[in-house]
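Trainee: My structure is below; once you've seen it, I'll send some questions.
The values are calculated or read from the model by the stated rules, or taken from the named source; none is laboratory data. None of the values given here were measured: they were computed from a predicted structure. Backbone-built Cβ (ideal geometry, glycine too); neighbour counts: all protein chains shown.
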Amino acid sequence: MKTIILFACLAALATANFTNYKVYRVTPSNAHQLNLVKGLESMKGFDFWSKARQVNSDIDIMVSPKVEGQFTYILKHNSIDYSLLIQNVESVVQREQLTKLMSPAVPKGKINFEQYHSYETIVDYLLQLESDHRDIVEVRSIGGTYEDREMVMIKISTGGSNKPAILIDATIHAREWIAPATVLYFIHELVENEDNRHMIENVDWYIIPVLNPDGYEFTHSSTSNRFWRKTTTKGEICDGVDANRNFDFHWMETGASSNECSETYAGPEGFSESETRNLKKLVESLGSQTKLYLTFHSYGQYLLYPWGYTSDLPEDWKTLDDLAHDVADAIYAVDRTDYTIGSSTNVLYAAAGGSDDWVKAVGGVALSYTIELPGGGSWGFDPPASAIKGVATETFEGLKVYHAYVEKNF
Ligand code: 0X9
Ligand code: ZN
């Protein structure tokens, strides 16, 4: 009976419907094939879950039933390799919603790592931590969003002055749910696990688990779209700006779009979005205290460092690269999760206007990384909630290496 009621609720709630949307993995093996696939990116009915990068690398594309026939025709006629990753995206979304409905309600101020949480639950948890741990926790807003939500940040510090700081954010892209879940786990470990006390003795932490709360809430609400990526700023024809193309450093030079309907729309100008402006202000106000910046995304298992706007490497790339290798080794040791390491442009794709580039070049934080957590395959942006613990705990081992580096070198 309970199940029947749940299904009835789901049927009544779901709006953005992904019935018979499929996710294909496509692997172009020459420049001609790659260009053909790239050409689909701006077309209606295609959502590139991973970008067309280079020959022989995989591209995951969600395809609407309307264009599927045309899509497979193009692939077959041009002998492009492909496989089907997700047969019906709606059933993945429904599974996720069902898990959510069946999960026991989280008591106010509590959190767990068995489910994905709403922004309200996340904020309530941070506020509870503040009231339970006044000596080490301070929660504040770094500014308002387009829809007037507060962008909440937690500062974890044992006090004192002149300590180096690590700045972390997640969820600049709304649909990448594993990112805030992982970062919340970091917060829990740093504040609530006495064994990690040494990690907060000599280093201050500034963590914003959800940088794009409007978008995040939109992906959570049952009347909207689970795969929303951008902010929710109203547009002329389409809404939203890709906040990770909106930072004003080589803005719009490459890998970004001026079409507001594109998933990588860079906005009408650099820093057009309150969310990016608020991060900018925070970075400026922390100044030289910040020694390391980590921005969490999904998916693909990449540890990326600048630059995203050029294939040139920063002068200190070797430092960035060596540290990333140590971090990746620590993650790998837990459960053999393998990360690819390199500059964004060289191992992923060129895309200007990202937070990592701006924080390094203008914000003055030399160590700046984008971390693409696991996902993909039959999961895509929906690793089951049961996968959170595994991803979070292994990534925390990587965080320990970052912490040790900052503590030792600054
Ligand atoms: O494209 C992005 O913004 C990031 N990948 S994602 O699949 N999560 O969207 C990668 C950003 C890497 N950094 C820069 N290009 N600056
Ligand atoms: Zn992302």
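Trainee: Give 334, 362 a once-over and let me know the one that is within 24 Å of residue 396 (Cβ to Cβ) and β-branched (Val, Ile, Thr).
Mentor: 334 is the lone residue from the list that is within 24 Å of residue 396 (Cβ to Cβ) and β-branched (Val, Ile, Thr).
Trainee: Then there's this: If only one of 375, 354 is closer than 30 Å to residue 257 by Cα, touching a helix residue (DSSP H, G or I) at 6+ places or on another chain (Cβ under 8 Å) and at pLDDT below 95, which one is it?
Mentor: Step by step, each of 375, 354 is checked, and only 375 is closer than 30 Å to residue 257 by Cα, touching a helix residue (DSSP H, G or I) at 6+ places or on another chain (Cβ under 8 Å) and at pLDDT below 95.
Trainee: From the list 333, 387, exactly one residue is under 17 Å from the mean Cα position of the chain (by Cα), surrounded by fewer than 20 Cβ atoms within 10 Å (Cβ to Cβ) and more than 16 Å from ligand 1 (Cβ to nearest atom). Which is it? Explain how you work it out, then say what you get.
Mentor: Values: 333 fails: under 17 Å from the mean Cα position of the chain (by Cα).
Answer to the check: 387.
Trainee: Considering each residue of segment 352-382, count those that are buried (at least 23 other Cβ atoms within 10 Å of the Cβ), aliphatic (A, V, I, L, M) and either outside any helix (DSSP H, G or I) or within 14 Å of ligand 2 (Cβ to nearest atom) (or both), and give that number.
Mentor: 5
Trainee: So how many residues does segment 277-313 have that are over 30 Å from residue 337 (Cα atoms), among the basic types (Lys, Arg) and either in contact with a strand residue (DSSP E or B) (Cβ under 8 Å, 6 or more places away or on another chain) or free of Cβ contacts under 8 Å to residues at least 40 places away in the same chain (or both)?
Mentor: Number satisfying all stated conditions: 2.
Trainee: Considering each of 42, 50 in turn, give the residue that is within 24 Å of the chain's Cα centre (by Cα), in contact (Cβ under 8 Å) with a residue 60 or more places away in the chain, surrounded by 16 or more Cβ atoms within 10 Å (Cβ to Cβ) and part of a loop (DSSP other than H, G, I, E, B). Before you say what the answer is, go through the steps one by one.
Mentor: Details: 42 fails: surrounded by 16 or more Cβ atoms within 10 Å (Cβ to Cβ).
Of the residues listed, the single one that is within 24 Å of the chain's Cα centre (by Cα), in contact (Cβ under 8 Å) with a residue 60 or more places away in the chain, surrounded by 16 or more Cβ atoms within 10 Å (Cβ to Cβ) and part of a loop (DSSP other than H, G, I, E, B) is 50.
Trainee: Determine which member of the set 231, 223, 219, 254 is among the hydroxyl-bearing types (Ser, Thr, Tyr) and within 12 Å of ligand 1 (Cβ to nearest atom). Please lay out each step first, then the result.
Mentor: Values: 231 fails: within 12 Å of ligand 1 (Cβ to nearest atom); 223 fails: within 12 Å of ligand 1 (Cβ to nearest atom); 219 fails: within 12 Å of ligand 1 (Cβ to nearest atom).
That would be 254, the only listed residue that is among the hydroxyl-bearing types (Ser, Thr, Tyr) and within 12 Å of ligand 1 (Cβ to nearest atom).
Trainee: Moving on. Please specify each residue of segment 163-185 satisfying the condition of being touching a His at 6+ places or on another chain (Cβ under 8 Å), farther than 17 Å from residue 136 by Cβ and more than 13 Å from ligand 2 (Cβ to nearest atom).
Mentor: Scanning segment 163-185 gives a single hit, 181.
Trainee: If residue 131 meets every condition in (1) assigned to a helix (DSSP H, G or I); (2) assigned by TED's automatic domain parsing to the domain that holds residue 170; (3) surrounded by 13 or more Cβ atoms within 10 Å (Cβ to Cβ) apart from one, which number is that one?
Mentor: (3)
Trainee: When you check residue 124 against the structure, is it modelled with pLDDT of 95 or more and loosely packed, with under 14 Cβ neighbours inside 10 Å, yes or no?
Mentor: Numbers: modelled with pLDDT of 95 or more: yes; loosely packed, with under 14 Cβ neighbours inside 10 Å: no.
So residue 124 fails the test.
Trainee: So in segment 314-327, with the set limited to residues that are closer than 16 Å to residue 338 by Cα and surrounded by 18 or more Cβ atoms within 10 Å (Cβ to Cβ), which one is farthest from the chain's Cα centre (by Cα)?
Mentor: By that ranking, first place goes to 323.
Trainee: I've got another one for you. Can you list the helices (runs of 4 or more DSSP H) found entirely within segment 198-306 that contain at least 3 residues being buried (at least 21 other Cβ atoms within 10 Å of the Cβ) and out of contact with any His (no Cβ under 6 Å at 6 or more places or on another chain)?
Mentor: Qualifying helices (runs of 4 or more DSSP H): 213-220, 274-286.
Trainee: Out of (1) more than 12 Å from ligand 1 (Cβ to nearest atom); (2) over 20 Å from residue 254 (Cα atoms); (3) of a type outside the set (Val, Ile, Thr), the odd one out for residue 376 is which?
Mentor: The one condition residue 376 does not meet is (1).
The rows are residues; the columns are (1) within 16 Å of ligand 2 (Cβ to nearest atom); (2) touching a Leu at 6+ places or on another chain (Cβ under 7 Å); (3) at pLDDT below 95.
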site	(1), (2), (3)
308	yes, no, no
315	no, no, no
331	no, no, no
343	no, yes, no
348	yes, yes, yes
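Trainee: Is there a residue in segment 91-98 that is hydroxyl-bearing (Ser, Thr, Tyr), without any contact (Cβ under 8 Å) to a residue 12 or more places away in the chain and either out of contact with any Phe, Trp or Tyr (no Cβ under 7 Å at 6 or more places or on another chain) or part of a helix (DSSP H, G or I) (or both)?
Mentor: Yes, that holds for at least one residue.
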